[in-house]
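Read the structure below first, then the notes.
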Amino acid sequence: MLAESLLATGDGASALRTVRPLSDSVLAGKRELDLAVRAAQKANDPSLPALRARLSSPQIDANARAAGAAQAAMARRDWAGAVGALRQIAGYEGDAEVLKRLAFASSNGGMHDQAIGYADKALQIEPRNPDMLHIAGLVRMNAGRDPDQAQRLLKQASELDPANRVFRGDLARAVHAGA
């Protein structure tokens, strides 16, 4: 909504900066990409051709179907199915959000080595993102590995997002388990 408002006031560059975290993801839908295209056009941004190409690509629909299938599998607690669906998303290897979801599903499915690998890749992409710090700590805690590092990561996530009850709860569990 902020990006739409900025675009309505004629500030294409700010609108593009605002929508970019969403539009840059392989999970971006047509709405996010359309907004990014309009903002890039208004700002005369050099990313416009690439954004237009992504918006018209059939891959956007395929990624949306795979993301939907993964979400449905997670709702059923079909962790292997969720992992399989997420791995069908083109470009997942370089997208922190998809890697975070892969880490979560893998961890819940008992695939701890995979979970830690996915979480660490997500953290490399976005090292200051509290969600990525949280998942990196959570998968270690769930695996029963490196409790000190799990606590450190969960503490960093909680410090960056102190209002997040999930983060605080997982940190408390990690501290209690390590005691």
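Working from the Cα coordinates of the stretch 71-152, the gyration tensor eigenvalues give, after taking √(5λ), semi-axes of 19, 15, 9 Å in decreasing order. With both labels modelled 7 Å from their Cα along Cα-to-Cβ, the Ser5 to Leu160 distance reads 2.5 nm.
Taking a quarter of the surface of the convex hull around the Cα atoms of the stretch 105-166, what do you get in nm²? Can you show the working numbers first?
Values: hull surface 14.9 nm².
Answer in nm², one decimal: 3.7.
If each DSSP helix of 4+ residues adds -39,500 (n - 2.57) and the sum is divided by the residues in the chain, what number results at 222 nm, nearest 500 deg cm²/dmol? Intermediate values should be presented prior to the final figure.
Details: 11 runs with 136 residues, N = 179.
After summing the helix terms and dividing by the residues of the chain, the value is -24000 deg cm²/dmol.
Scalar couplings 3J(HN,Hα) for the stretch 54-63, obtained by applying the Karplus form with A = 6.51, B = -1.76, C = 1.60 to θ = phi - 60°, are 5, 5, 8, 6, x, 5, 4, 6, 5, 5 Hz; x denotes Gly and Pro.
Could you list, in their original order, any pairs among Lys30/Lys155; Lys30/Lys100; Lys42/Lys100 whose Cα atoms are separated by more than 26 Å? The partial results should precede the final answer.
Details: Lys30/Lys155 36 Å; Lys30/Lys100 22 Å; Lys42/Lys100 33 Å.
Cα-Cα > 26 Å for Lys30/Lys155; Lys42/Lys100; rest within.
Rounded to a whole number of µm²/s, how large is the Stokes-Einstein D of the stretch 55-96 at 4 °C and 1.567 mPa s, given Rh as the Kirkwood radius over C-alpha pairs?
Values: Rh = 10.4 Å.
After rounding, the answer is 124 µm²/s.
Whole-Hz Karplus values for the stretch 149-155 come out as 5, 4, 5, 4, 5, 5, 5 Hz, taken residue by residue from phi with 6.51 cos²θ - 1.76 cosθ + 1.60 and θ = phi - 60°; glycine and proline positions read x. Each residue of the stretch 87-103 was assigned a 3J(HN,Hα) from its phi angle through the Karplus curve 6.51 cos²θ - 1.76 cosθ + 1.60 (θ = phi - 60°); the sequence is 6, 7, 6, 4, x, 4, 5, x, 10, 4, 5, 5, 4, 4, 5, 4, 4 Hz, with glycine and proline shown as x.
All of the numbers you see were taken from the coordinates with simple rules; none came from a lab. On a predicted model such as this, the values are computed, not experimentally measured, just so you know. Backbone-built Cβ (ideal geometry, glycine too); neighbour counts: all protein chains shown.
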